[in-house]
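To start, the structure under review is shown below, and the notes come after it.
The values are calculated or read from the model by the stated rules, or taken from the named source; none is laboratory data. Predicted model only: the values in this text are computed from it and were never measured. Quick reminder, even Gly has a Cβ in these numbers, built from the backbone with ideal geometry, and neighbours come from all protein chains shown.
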Amino acid sequence: MYKQIVARYKVKPGRAAENEELVRAVYAELHATEPEGFRYATFKLEDGVSFVHVAELDDEVANPLPELQAFNRFSANISDRCDEQPVVSEATPIRSYRMLTDSPVTS
């Protein structure tokens, strides 16, 4: 089984490029460390200031993000960067098409 986590937030006007740069650094460290059992995607929404992060972890796998220096830099001043603070939730997939790892359908 898998666990999905979704985080969403909105940065202040003029801070989107800074946020994207910090996010890219997280991905660079992920590519360098290649944590097993972890999949991750980040999206910038059409308004240009809203972001959504989606993580999928295999069962029994600890979230590797808190161990990354780049993620700690990303997180350090996020409250100052945001108009709407991050909301993090576990998510239960209903269905996916070539998106999530064979997630079960729940009724």
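Brief remarks on what is shown
- Candidates SER107, SER103: the one that is farther than 19 Å from GLU18 by Cβ, among the small types (Gly, Ala, Ser), at pLDDT below 95 and surrounded by 14 or more Cβ atoms within 10 Å (Cβ to Cβ) is SER103.
- Filter result (in contact (Cβ under 8 Å) with a residue 24 or more places away in the chain and either among the hydroxyl-bearing types (Ser, Thr, Tyr) or in contact with a Lys or Arg (Cβ under 6 Å, 6 or more places away or on another chain) (or both)) within the range 41-67: VAL49, SER50, PHE51, VAL52, GLU56, LEU57
- Residue within the range 94-104 that is outside any loop (DSSP other than H, G, I, E, B) and touching a strand residue (DSSP E or B) at 6+ places or on another chain (Cβ under 8 Å) present: no
- Taking the criterion of being surrounded by 16 or more Cβ atoms within 10 Å (Cβ to Cβ), without any contact (Cβ under 8 Å) to a residue 60 or more places away in the chain and out of contact with any helix residue (DSSP H, G or I) (no Cβ under 8 Å at 6 or more places or on another chain), the residues of the range 1-35 that qualify are ALA16, LEU30, PRO35.
- Strands (runs of 3 or more DSSP E) wholly inside the range 1-62 that include at least 3 residues being under 27 Å from ARG95 (Cα atoms) and in contact with a His (Cβ under 9 Å, 6 or more places away or on another chain): 2-11, 38-44
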